[in-house]
1. Among the residues of the range 210-227, count how many are modelled with pLDDT under 95 and part of a strand (DSSP E or B).
2. Quick one: is Glu61 more than 15 Å from the chain's Cα centre (by Cα), in a loop (DSSP other than H, G, I, E, B) and among the acidic types (Asp, Glu)?
3. Quick check on this structure: which one of Val207, Val230 is in a helix (DSSP H, G or I), modelled with pLDDT of 95 or more and within 21 Å of Thr32 (Cα to Cα)?
4. Can you pull out the strands (runs of 3 or more DSSP E) entirely within the range 91-160 that have at least 1 residues that are of a type in the set (D, E, K, R)?
5. Which one is nearest to Pro248 (Cα to Cα), of the residues in the range 1-19 that are outside any loop (DSSP other than H, G, I, E, B) and more than 12 Å from the ligand (Cβ to nearest atom)?
6. Of all the residues that make up the range 140-168, how many are away from the ligand (no atom under 16 Å from the Cβ), surrounded by 12 or more Cβ atoms within 10 Å (Cβ to Cβ) and over 27 Å from Leu106 (Cα atoms)?
7. Would you check which residues across the range 250-273 are touching a strand residue (DSSP E or B) at 6+ places or on another chain (Cβ under 8 Å), part of a loop (DSSP other than H, G, I, E, B) and within 17 Å of Pro6 (Cβ to Cβ) and list them?
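The values are calculated or read from the model by the stated rules, or taken from the named source; none is laboratory data. Note that the coordinates shown come from a computational prediction; the quantities given were computed from them, not determined experimentally. Don't worry about glycine lacking a Cβ; one is built from the backbone with ideal geometry, like all the others, and counts go over all protein chains shown.
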Amino acid sequence: MGDARPIGLFDSGVGGLTVLREVVRRLPDESTIYLGDNARAPYGTRSDDEVRRFSAECLDELVRRDVKAIVVACNTSTSVALPQLRRRYDVPIVGVVRPGATAAALATRTRRVGVIATPATIRSHAYFQAIKDENPFVEVYEHATPDFVPLVEAGRLHGADVDEAVRRGLAPLLGERTADGEWIFPLPADARIDTLLLGCTHYPLIVDSIRGATGEGVAVIDSALATASVLAELLAINELRAPAGSTPSHLQLTTGDVERFRATATLLFGSEFTAVEAVIVPEAA
Ligand code: DGL
């Protein structure tokens with residue numbers, strides 16, 4: 001027994017491959033179809049209506065390909081469109097916000113969590129709400145870091161310019177050093193975070209710079225790992241696991257340019273995700 005149909009994963013672009021990578025590690029027998037809406041990325045600076053419409057069009061494509069479950073591997077889409085997507089399809093859908101929020105709420109010892117994400121995700125307060133649902137006594141400090149996605153998209157994952165952009169982006173949460181070496185902290189000493197939640201698919205790819213900026217005392221939480229665990233549980237509960245010993249296949253679809261997707265995926269992930277095909281969604285502008 002078992003269900004050999006693929007799992008569908010959706011993201012605005014290549015960033016969701018960080019989630020696919022964890023899913024493949026956690027569930028090595030499962031086949032996957034990944035859809036990146038590169039033609040219309042980034043989503044993080046779009047209106048909520050656009051994010052909802054684009055997300056539904058992409059999930060329509062995955063459902064047409066008979067996936068048995070879907071992971072919305074985009075934080076912006078999860079934050080803005082998840083309830084509407086769950087109403088639209090019978091297929092079980094996992095988002096990335098709740099798994100990450102739960103992991104962060106359980107990781108903090110001081111009950112102070114920082115969340116960094118795209119402007120649309122922060123505007124939705126989805127992480128704030130999900131962390132409060134898990135533990136209402138956790139203080140949540142949300143902060144949009146719009147400069148990080150373009151860096152990763154450009155393949156800039158390491159180096160002094162990345163460290164500097166990350167340091168600047170995190171300063172409102174973590175504080176910064178003046179030219180005289182003095183620290184300026186935006187939050188009072190009794191309100192400093194001990195946990196930082198990466199609320200965007202791209203941020204795990206610059207985690208070294210982020211860890212460099214936070215230092216030792218701050219736990220850095222990535223939704224991808226927690227989401228793969230939730231997916232594993234969902235498949236088990238619904239008896240949707242692939243038969244043991246299945247030979248999995250992995251297909252990546254992009255609404256954008258196939259060669260460009262493959263080149264970026266190779267740059268970011270090596271040769272793991274290179275079975276790329278084009279897919280057309282309505283009005284891919
Ligand atoms: N995938 C998006 C997210 O996780 C980041 C990239 C974008 O803005 O489209 O929010």
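1. Qualifying residue count, the range 210-227: 1.
2. On the way: more than 15 Å from the chain's Cα centre (by Cα): yes; in a loop (DSSP other than H, G, I, E, B): no; among the acidic types (Asp, Glu): yes.
So Glu61 fails the test.
3. None of the others qualify; the one that does is Val230.
4. Passing ranges, in order: 112-117, 139-144.
5. Ile7
6. Of the residues in the range 140-168, 4 are away from the ligand (no atom under 16 Å from the Cβ), surrounded by 12 or more Cβ atoms within 10 Å (Cβ to Cβ) and over 27 Å from Leu106 (Cα atoms).
7. Of everything in the range 250-273, just one residue is touching a strand residue (DSSP E or B) at 6+ places or on another chain (Cβ under 8 Å), part of a loop (DSSP other than H, G, I, E, B) and within 17 Å of Pro6 (Cβ to Cβ), namely Phe273.
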